[in-house]
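The structure appears below as C-alpha cells.
The values are calculated or read from the model by the stated rules, or taken from the named source; none is laboratory data. Since we're looking at a predicted model, the values are computed, not measured. Using ideal geometry, Cβ is built from the backbone for each residue, glycine included, and neighbour counts are taken over all protein chains shown. Please note that ligands, DNA and RNA were not included when accessible areas were found on the heavy atoms of the full protein model with its side chains. Shrake-Rupley method; radii C 1.70, N 1.55, O 1.52, S 1.80 Å.
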Amino acid sequence: MSLKISVVITTYNRPDYLLEALDGIKSQRYSPYEIIIIDDNSSCSYESVMPAISSLNAKYYRQSVSCGANKARNLGVEYSSGDIIAFLDDDDIWLPEYLTTLNEKYQKGADACVSGFKQLGKEEVVVVNKDTSVTKSSLLRGNTYCGMSGFSAKRELLLQNTFDESLNNGQDWDMYVRLFQLGVTFVNVPTPIFLYRFQNEDGIGAKVRKMKPTDIDKRLGSAYKHKIFLGEYWFKKRVCEQILFSLKHKNEKLAWVNQSIKMAGFSTTVIFFFNAVKRKILKKPMSI
C-alpha cells in the first residue's frame, strides 16, 4: 500500500531558491501526495515562482505576519492531510530517491526519519551519521544527523508534538530529542539523499556573527530545555559550542571566549579549542 506523503516547505524572501527546491520535488521517483508551501510573510515578490507552484498543484499560503519557521512548520502540519509529513527548507534540494526512501522506511514501520546529506555545490562533502536509528549517544553530541530538510514524521505524531515556537534555534535537535524520549521508531538513513546549502548570507551563521556575547541566551533555549537529558558534561559542552560557534568570523573574540568561560567553565572552553585544533589537523568537520 502506498503512503500519502505531504511535503511542507517553509520559505522567506528566497523565491529563486524555492524554484530549485520545487525542481527537486519534480524529479522525485515517488510522487508526493500534496505540497504545502508556507510563506512567512516575505517582503519580496513570489510571482516568478507561481507557474512552478501551479504546475505541481502545490498549495501556497502566505502569512500576514512573520512568525518564524517553527510556527510556519506547525501550520504546514495543520494544513496537510497526508499520512507522513516531509519537511523541506526552501534553500535545500532533495535528490530523486528521497521520497522513495521515505516510503520504504515508513512501510517498514518507521514513525519518524532523518537522513544524511551532501553539501550543495560541493557534493564531494558528505555528512552521514552511521546509525540506523536515532540514538541517545548521538543526540548528546548535538545534531549529528541533519536539519529539517532531512526530517519527516507521521502527521499524527507531529500534531501531538508540535515544533517549539519559543526556540530561536536548535528546533530540529529539540524535536529529535523529544521524539527519542517518547520511544517511537525513529530511523536514520545512513546515506546522503538530499543537498544542504551551507552558510547562506541570511542564514544562522550570518546572524550569529552579528550578535553580542550578552545576547547568547537567545541561542541556548534548547540546551536549557534538555539540561537533564544532556547531563552536566554534555550541557556545558553544548553551551560552549553555541557561544563559540563561528568564532573566527566574529568581532570581540576575547569577549566571546570569556563568555564561554563564564557560562560553560574554563576546562570545557579549553577542551573546545583543543578539539578544534585536532579537527583542523585531521581535517575532520564538526557535527552540524
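Results for (1) loosely packed, with under 14 Cβ neighbours inside 10 Å; (2) modelled with pLDDT of 85 or more; (3) assigned to a helix (DSSP H, G or I); (4) in contact with a helix residue (DSSP H, G or I) (Cβ under 8 Å, 6 or more places away or on another chain), shown as yes or no for each residue.
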{"site": "239", "(1), (2), (3), (4)": "no, yes, yes, yes"}
{"site": "255", "(1), (2), (3), (4)": "yes, yes, yes, yes"}
{"site": "260", "(1), (2), (3), (4)": "no, yes, yes, yes"}
{"site": "263", "(1), (2), (3), (4)": "no, yes, yes, yes"}
{"site": "279", "(1), (2), (3), (4)": "yes, no, yes, no"}
{"site": "287", "(1), (2), (3), (4)": "yes, no, no, no"}
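How about region 127-147: which of its residues are assigned to a loop (DSSP other than H, G, I, E, B) and open to solvent by 50 Å² or more (accessible area, probe 1.4 Å)?
Residues satisfying the conditions are 128, 130, 132, 141.
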### Message
Show the residue pairs meeting these rules: Cβ distance below 9 Å; 6+ apart or different chains; first residue within region 172-186 and part of a loop (DSSP other than H, G, I, E, B); second residue buried (at least 18 other Cβ atoms within 10 Å of the Cβ) and hydrophobic (A, V, I, L, M, F, W, C).
### Response
184/110; 184/112; 184/153; 185/110; 185/112
### Task
Evaluate the following for residue 76: is it open to solvent by less than 30 Å² (accessible area, probe 1.4 Å) and either of a type outside the set (A, V, I, L, M) or on the phi > 0 side of the Ramachandran plot (or both)?
yes
### Message
Show the residue pairs meeting these rules: Cβ distance below 9 Å; 6+ apart or different chains; first residue within region 86-106 and at pLDDT 95 or above; second residue among the acidic types (Asp, Glu).
### Response
90/20; 91/20; 92/20; 93/20; 93/23; 106/83
### Filter pass, residue 191 being closer than 28 Å to residue 14 by Cα, modelled with pLDDT of 95 or more, open to solvent by 30 Å² or more (accessible area, probe 1.4 Å) and among the hydroxyl-bearing types (Ser, Thr, Tyr)
yes
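In region 102-121, which residues are open to solvent by 20 Å² or more (accessible area, probe 1.4 Å) and either in contact with a strand residue (DSSP E or B) (Cβ under 9 Å, 6 or more places away or on another chain) or hydroxyl-bearing (Ser, Thr, Tyr) (or both)?
Result: 103, 105, 108, 109, 111, 118, 119, 120, 121.
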### Query
Taking helices (runs of 4 or more DSSP H) that do not extend beyond region 11-82, which have at least 1 residues that are within 23 Å of residue 95 (Cα to Cα) and hydroxyl-bearing (Ser, Thr, Tyr)?
15-26, 50-55
